[in-house]
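Shown next, in structure tokens, is the structure this report addresses.
No value in this document is a laboratory result; all are computed from the given coordinates. Bear in mind the structure is a predicted one, so any value in this text is a computation, not a measurement. With ideal geometry, Cβ positions are generated from the backbone for all residues, glycine too; neighbour counts draw on all protein chains shown.
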Amino acid sequence: METEVKLTKLASCAGCGAKVGAGTLAQLLDGFKTHKDPRLIVGFDKSDDASVYVIDENTAIVQTTDFFPPIVDDPYLFGQIAAANALSDIYAMGGEPKLALNIMCVQDSMDSGTVREILRGGYEKAYEAGAIISGGHTIHGAEPIYGLAVTGFVHPDKVLTNSGAKPGDMLILTKPLGVGVITTAAKAGLVDDELMSRLHLQMSTLNKAARDIMVRYKVNSCTDVTGFALLGHSFEMAQGSGCTLHLTVDRIPYHQEAFEFADMGFIPAGAYRNREYAEHGVSAPGVSRPMLDIMYDPQTSGGLLISAPEEEAERMLGEFYAAGVFAAAVGYVTDRSENDPYVVAE
Amino acid sequence: MKKIDARGLSCPEPVIMIRQAMASKEAAYEMTVDNVASRENVTRYAEHQGYKVEVRASGGEYTLTITR
């Protein structure tokens, strides 16, 4: 008999699906008075993955935080995934994580062993990324939460924002989609162990290897595809860059099983929030409903979306393949005229 | 017509409920949900199973009439 409390049963939404919608966030922050500092080169107003503060001509600090309720029942794995997801924002800015702090909420039915395993998973994943967790803060609450506040470094001239995409760029995505849909289907007991382990491995894989290769090339823009899904994050990149992003649907990588699950309606609520946020900027006339659902599906610990000049992108792809890092060319960037959509899925 | 009340529930519970209900292969179901995700997800599941879905919206609630 199973006596242990299942972590995912303590959470009302899973992983990045718990994220407050981009539209709601924009409303909450509308008219919020902020202060400027010339050293703060990426801040509140940019909808970017992390903040960047310049220390001197060679060093800038990159700061971010990310946390969510359990997406898996194994506490060690939950710790690893939450840490990989939080660290990813540093990689998406082109930076290297160095220090991190735990952010944790403990629900009363969790035993100390479970809490320790979450923390061990996070610590080991951060260490794998080259970062040390030096402290944190834990509270009691209705739902378990775990994540990190991460500090990293980047050369001020090498900061990769989500607003630098240029016409002629090729778009590369470094993890397949379908995480939210599959974890939703898993709650209905429809997902086999093999697929679940594939997904666990993907979510706990750092974007470090992809970042380490990416920074050796001329890259115009980068973000990570997480809670706002491929279409939400593409929309933000397109808006920030003043360009149109074209996504080639046939080349978008996703876990095959996600298509059937999406067609059956195992779609997290976050996907509908993402659609509401982005659809006015997205044109996807010929795309099937399940595929569009996958493109709006929130990804926990998703891959990097990289925008780089075509020649650079081709060479980068070759190096990704050679190094065994997952990567796919998913589209390209063009000029945008006033009435053009920001994202075209074709 | 079998009636199912899935108000107050979020993904994927309403889909699991309609899936279980459809094991009895009835000709028609009526399901009430109170959020867009549930409305959309139940519609997808019913259509996937070869049913037609009609939606009536009223006061933040959606009544789905699901027929063969």
Quiz item: Reported to two decimal places, what Rg/Rh ratio describes the protein assembly as shown when computed on Cα atoms with Rh from the Kirkwood expression?
Solution: 0.98
Quiz item: Using modelled backbone amide H atoms (1.01 Å from N, in-plane), which distant-in-sequence or interchain residues come within less than 5 Å of A:Phe153's amide H?
Solution: A:Val62, A:Glu96, A:Lys98
Quiz item: Given the pairs A:Lys6/A:Lys98; A:Lys158/A:Lys208; A:Lys19/A:Lys175; A:Lys98/A:Lys158, which span a C-alpha to C-alpha distance of over 24 angstrom in this model?
Solution: A:Lys6/A:Lys98
Practice problem: Quantify how strongly other chains surround peptide B:5-12 by giving the mean number of their Cβ atoms within 10 Å of each of its Cβ atoms. | Solution: 4
Quiz item: Translational D (Stokes-Einstein, µm²/s) of chain B at 37 °C and 0.692 mPa s when Rh comes from the Kirkwood sum over C-alpha pairs?
Solution: 287 µm²/s
Exercise. Would you work out which of A:Ala284, A:Gly113, A:Phe78 lies farthest towards the positive end of the dipole of chain A? Charges go on Cβ: Lys and Arg +1, Asp and Glu -1.
Key: A:Gly113
Practice problem: Compute the separation of the alpha-carbon centres of segment B:26-67 and segment A:56-121 and state it in Å as a whole number. | Solution: 38 Å
Exercise. Output the peptides A:46-55, A:337-346, A:94-103 sorted from most to least packed, where packing is the average of other Cβ atoms within 10 Å over each peptide's residues.
Key: A:94-103, A:46-55, A:337-346
Quiz item: If you build a Gaussian network model of chain A, linking Cα atoms that sit under 10 Å apart, which residue out of A:Val20, A:Val219, A:Val282 swings the most?
Solution: A:Val20
Exercise. Using only C-alpha atoms and all pairs of different ones, pull out the Kirkwood radius for segment A:107-148 in Å with one decimal.
Key: 11.3 Å
Quiz item: For chain A, list the DSSP H helices whose alpha carbon atoms reach 15 Å or more along the long axis and whose average Kyte-Doolittle value is 0.5 or above?
Solution: A:75-92
Quiz item: So for segment A:223-346, what are the equivalent ellipsoid semi-axes in whole Å, largest first, each being the square root of 5 times an eigenvalue of the Cα gyration tensor?
Solution: 22, 20, 12
Quiz prompt | Relative contact order computed over chain B (Cα-Cα under 8 Å; 6+ residues apart), in percent | solution = 35 percent
Self-check item: Mean Cβ neighbour count within 10 Å, used as a protection proxy, ranking A:28-34, A:221-227 highest first
Solution: A:221-227, A:28-34
Exercise. Could you work out, residue by residue across A:259-272, how many beta carbons of other chains sit within 10 Å of that residue's beta carbon, and then give the average as an integer?
Key: 6
Self-check item: Expected 222 nm ellipticity per residue - DSSP helices of 4 or more, -39500 (n - 2.57), all of chain A, to 500
Solution: -11000 deg cm²/dmol
Quiz item: Once you charge only the Cβ atoms, +1 for Lys and Arg and -1 for Asp and Glu, what is the size of the charge dipole of chain A about its Cα centre, to the nearest 20 debye?
Solution: 540 debye
Exercise. Using per-residue counts of other Cβ atoms within 10 Å, averaged over each peptide, order B:52-59, A:146-153, A:294-301 from highest down.
Key: A:294-301, A:146-153, B:52-59
